[in-house]
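Report on the structure given below.
The values are calculated or read from the model by the stated rules, or taken from the named source; none is laboratory data. It should be emphasised that the depicted structure is a prediction, and the values quoted were computed from it without experimental measurement. Counting neighbours? That spans all protein chains shown, and the Cβs are built from the backbone with ideal geometry, glycine included. Accessible surface is based on the protein model in full, side chains and every heavy atom, while ligands, DNA and RNA are left aside. Shrake-Rupley method; radii C 1.70, N 1.55, O 1.52, S 1.80 Å.
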Amino acid sequence: MNLVFLGPPGAGKGTIAKEAKVFYSIPHISTGDLFRAEQEKGSELGNKVKAIIASGQLVPDEITIEMVRQRLSQDDTKNGFILDGFPRTIAQADALAGIVDLDYVVNFVVDKDAVIKRISGRRFCKSTGRTYHVIYNPPKVEGIDDETGEPLYQREDDAPERVATRLEVYEKSTAPLIAYYRDKGLLVDVDASPAPETVLENMKKALTK
Ligand code: AP5
């Protein structure tokens, strides 16, 4: 199954993708995670995108499209994939259409207040990428990853002023993809406001219709 997860920053796309990839036995490809991994490695790409990501703006289309093209050429995507955070512009969506056919585009619907609460409480482990929330999904010991015992961090782009920019960028550049994919008959709306278990179950039901 070839899936795209669409939705505002902090909607819970990554959280649901981590469960859905196991259920559907397909890889979870998050462009945000790929960029963060490049930054951790200190690669040329990572250094190039660091300031852009920290500012809350989008990485240029040509860089992002090429990275996704390369990832989708890998063997593990033959039986499907979850693309999380890509496409984010009409140009990216047009490019994706030239690479693969999609089965569904899942639109995670949640209001702005909820995403701000989710983003402001998010913490993550740098080495594993595991994500927590200080209230909704706290670690066993505050500030410490459950499995590695390493400290948890807040993403630089999760600072309040960056979140405002990311939400503006989402409205301007990414929200138009909702109509784009609805017109193509690919869009499935999923209410992302309940707890993750409920969101996952609702999505699974919606994808069998
Ligand atoms: P990216 O990493 O993709 O960030 P994003 O889209 O802003 O999405 P998030 O990771 O913030 O949110 P999410 O929906 O995955 O939420 P999560 O599950 O973590 O991109 C970062 C940057 O990279 C971009 O700003 C851009 O610069 C660049 N980039 C990436 N892709 C690009 C592209 N295609 N083109 C150009 N640039 C690109 O959940 C959030 C929190 O809420 C967590 O703490 C979680 O525990 C909690 N939570 C989740 N679900 C629930 C729930 N149902 N109830 C309660 N709490 C919940």
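May I ask for the Rg/Rh ratio of the stretch 78-195, computed from Cα atoms with Rh as the Kirkwood radius, given to two decimals?
1.02
How many percent of all Cα-Cα pairs in the stretch 143-209 sit more than 19 Å apart?
63
So with the 1.4 Å probe, I'd like the accessible area per residue for the chain, rounded to whole Å².
Ligands and nucleic acids excluded, the result is 52 Å² per residue.
Which value at 222 nm does the chain reach when only helices count, each DSSP H run of 4 or more adding -39,500 (n - 2.57), with the total divided by all residues and rounded to the nearest 500 deg cm²/dmol?
For the chain, the value works out to -13500 deg cm²/dmol.
Stick to the Cα atoms of the stretch 101-158, pair each with every other, and give me the Kirkwood hydrodynamic radius in Å at one decimal.
12.8
Of Val115, Ala91, Met67, which is farthest on the positive side of the dipole of the stretch 1-144, counting Cα position, with +1 on Lys and Arg Cβ, -1 on Asp and Glu Cβ, and the Cα centre as origin?
Result: Val115.
Over the chain, with every protein chain in place, what whole percent of the accessible area is carbon and sulfur at 1.4 Å, could you tell me?
That fraction is 51 percent.
Between Val110, Val100, Val59, which gets the highest mean-square fluctuation from a Gaussian network model of the chain, Cα cutoff 10 Å?
Greatest mean-square fluctuation among the candidates belongs to Val100.
How large are Rg and Dmax for the chain when calculated on the C-alpha trace, in angstrom?
Here Rg and the maximum Cα pair distance are 16.4, 47 Å.
Only four residue types carry charge here, +1 at the Cβ of Lys and Arg and -1 at the Cβ of Asp and Glu. Report the dipole size of the stretch 1-66 about the Cα centre in Debye, rounded to the nearest 20.
Dipole magnitude for the stretch 1-66 comes out near 240 debye.
Name the shape class, rounded, prolate or oblate, that the alpha-carbon gyration tensor gives for the stretch 29-95, where a ≥ b ≥ c are the square roots of its eigenvalues, rounded holds for a/c under 1.5, and otherwise prolate holds if a/b is larger than b/c and oblate otherwise.
Verdict is oblate for the stretch 29-95.
Explain nothing, just the number: relative contact order of the chain, from Cα pairs under 8 Å at least 6 residues apart, as a whole percent.
Across the chain, relative contact order equals 30 percent.
Using Cα positions and a limit of under 16 Å, work out the aspartates and glutamates in reach of Lys140, with same-chain residues fewer than 8 apart set aside.
Glu150
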